[in-house]
1. For the stretch 111-122, give me each residue that is assigned to a helix (DSSP H, G or I) and touching a helix residue (DSSP H, G or I) at 6+ places or on another chain (Cβ under 8 Å).
2. Taking the stretch 86-107, which residues are closer than 12 Å to residue 143 by Cβ and not in a strand (DSSP E or B)?
3. Which of the residues belonging to the stretch 106-152 are within 16 Å of residue 80 (Cα to Cα) and over 21 Å from the mean Cα position of the chain (by Cα)?
4. Taking the stretch 123-152 on its own, how many of its residues are out of contact with any strand residue (DSSP E or B) (no Cβ under 9 Å at 6 or more places or on another chain), surrounded by 13 or more Cβ atoms within 10 Å (Cβ to Cβ) and outside any helix (DSSP H, G or I)?
5. Could you check, for the stretch 70-85, whether at least one of its residues is crowded, with 20+ Cβ neighbours inside 10 Å, under 16 Å from residue 54 (Cβ atoms) and either touching a helix residue (DSSP H, G or I) at 6+ places or on another chain (Cβ under 8 Å) or modelled with pLDDT of 95 or more (or both)?
6. Scan (1) within 18 Å of residue 142 (Cβ to Cβ); (2) at pLDDT below 95 for the single condition residue 117 breaks and write down its number.
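The values are calculated or read from the model by the stated rules, or taken from the named source; none is laboratory data. Owing to the predicted nature of the structure, the values given are computational and were not obtained by experimental measurement. Positions of Cβ are backbone-derived with ideal geometry, glycine not excepted, and every protein chain shown enters the neighbour counts.
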């Protein structure tokens, strides 16, 4: 009769419950999570608008159609929760320090205009590039500009 006692020892065979451990194999299903990787793509900034300036001036020459484009960029930023980046530029005339300050003043004047149009100051980022990023090597007027970008 003692021999039947060892037969219950196979009862621990259900201990291979770790077989359900392969259930975590569906964990690879989160592999589609990398699909959101394209989310960093919105960091790509596209020039939405370029405004031009007179020599030595920080006042933008904003035509009616450019004002409506500026409003459209603002509306898009507000709808997406994105930021508006404004980069000021100058031509190569003048000293580098002056051009840097002028490019920043140009960017800030466009920021002030956007704020007047309803932009939240914290959503507008300004920078100045001085004469370091010319749009045109030959025509100085093309370099006296501010580029307005939208990033979401």
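1. Matches in the stretch 111-122: 111, 113, 114, 115, 121.
2. 89, 90, 91, 92, 93, 94, 99, 102, 103, 106
3. none
4. Looking only at that region, the number is 3.
5. No: zero hits.
6. (1)
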